[in-house]
1. Just name the residue that is nearest to H63 (Cα to Cα) out of those in the stretch 254-305 that are more than 26 Å from the chain's Cα centre (by Cα) and polar (S, T, N, Q).
2. Can you tell which of I234, I209 is over 17 Å from G68 (Cα atoms), β-branched (V, I, T), crowded, with 20+ Cβ neighbours inside 10 Å and at pLDDT 90 or above?
3. Tell me, which helices (runs of 4 or more DSSP H) wholly within the stretch 250-320 include 1 or more residues that are closer than 29 Å to S25 by Cα?
4. What pairs come out if I take residues in the stretch 162-178 that are over 16 Å from L101 (Cα atoms) and not assigned by TED's automatic domain parsing to the domain that holds G134 and pair them with residues that are at pLDDT below 85 and in a strand (DSSP E or B) whose C-beta lies under 9 Å away, six or more apart or interchain?
5. Given the criterion modelled with pLDDT of 90 or more, among the acidic types (D, E) and under 30 Å from Y346 (Cα atoms), identify the matching residue among D52, D86, D126.
6. Among the residues of the stretch 228-242, is there at least one that is out of contact with any Cys (no Cβ under 6 Å at 6 or more places or on another chain) and closer than 19 Å to S98 by Cα?
7. So which of E119, E145, E133 is assigned by TED's automatic domain parsing to the domain that holds I89 and modelled with pLDDT under 90?
8. Hey, can you tell me all the residues within the stretch 188-230 that are among the acidic types (D, E) and in contact (Cβ under 8 Å) with a residue 12 or more places away in the chain?
Amino acid sequence: MYYETFIGLRYLRAKRKQTMISIVSGIAVLGVALGVFALITVIAVMTGFQKDLRDKILGASSHLVAVGLPGHHGDEQELIEIALSDPEIVAAAPFVYSKVLISFENRADGILVKGIDPERVGDVTDLERNMTEGKLANLGRLKDEQEPGIILGAELAGNLQVDVGEKVKILLPEAVAGPAGTVPRLRRFEVVGIFNAGMFEYDAGMAYIDIGLARDLFRDGNGVAGVEMKVRDIFSAMQVGKRLQAKVGFKYNVRDWSQMNATFFSALKLEKIAMFLILVLIILVAAFNIIGTLTMMVMEKSKDIGILKAMGAKAKNIMALFLVQGMAIGLTGTLLGGALGIITCYLGDHYKLIRLQGDVYYLSYLPFRVELADILLICGCSLLISLLATLYPAWQAARMDPVEAIRYE
């Protein structure tokens, strides 16, 4: 051990005449610890919140979507074969969708009806796992004498006050001539299931029907056709989408999950950065305590500094001596705050300590997700700020004249 380290650590442990220095040192350690603790817990909450919402979005929609132009009904099977030729795409399923008006008794709402293949949609989305009532297999025609089936979102079913087994009407934005004149196209469906994706946009504004029926219902260019795909790695979806777009040309518009929700995820990322910068101010306040501690320590130990210099210690040795003290304060606070933050996040997530109203926030509890990269960044920033805070007091001690320091001793 170098003598600068030995003396620096000894100064931190030694009893002083000025007890205020010890108090300020303790406050500095607690300040750094509080800043690191707050940063870790808040960033973990925001990361967990972002991941939970991302999982809900990816559960309700696919990783990659290729959509044809409005009114285009190309060969989706050919597109599926092209997609599955890419080793990163593991599953694909066709779909058709259109905006319609749904009504039940005297209640109505505008929604998006999506025609899906019940046998293949489970490979690309979590629709079947999100079902709270009914079964996905019941989609389509139940029996020849019954109405075709439809699956509604939980919020939509609640707004319409409709249950499984009841009949709803679908009105398309297309007029047909009838005995009573021109009327909108209408089709009756029986509710065979209700799903809850955990996202209001999907639960309140989407319904599913069989794709064969949808193609017949959305004839004459009223529907938009496409293919949903699942990739091995969700973070490579953009690159996979670009490759697929190059293969299919401009016949289809290929978009990945991050592009379809770009505004939402950009807002979360910006908020996370803003919170990081705001909470770093706590560590900066603690850094001023480190400066005050070392400044008072330099004043108290001026005689020791003069004696060390008279014995041959160089300016860099004196500077290193006080750098050790400042970094010891910063390291202690960082380790203490980091340990408390990680333990708090683990307990909070494992035992679901912070409960939320699921019908308001769509989350039953506040999730915590600790990322190694976030921990390293936070601890690194804390140690860097602590180091910068020690430079000026250490430099002041290093430039002290030994003669002036011990003249009156």
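1. The extreme case among them is N289.
2. I209
3. 262-300, 302-310
4. Short answer, once both residue conditions are applied: none.
5. D126
6. yes
7. Working: E119 fails: modelled with pLDDT under 90; E133 fails: modelled with pLDDT under 90.
Of E119, E145, E133, the one residue that is assigned by TED's automatic domain parsing to the domain that holds I89 and modelled with pLDDT under 90 is E145.
8. If the condition is that a residue be among the acidic types (D, E) and in contact (Cβ under 8 Å) with a residue 12 or more places away in the chain, then E190, D203, D210, D220, E228 are the ones that fit.
The values are calculated or read from the model by the stated rules, or taken from the named source; none is laboratory data. No experiment lies behind these values; they were computed from the predicted model shown. Don't worry about glycine lacking a Cβ; one is built from the backbone with ideal geometry, like all the others, and counts go over all protein chains shown.
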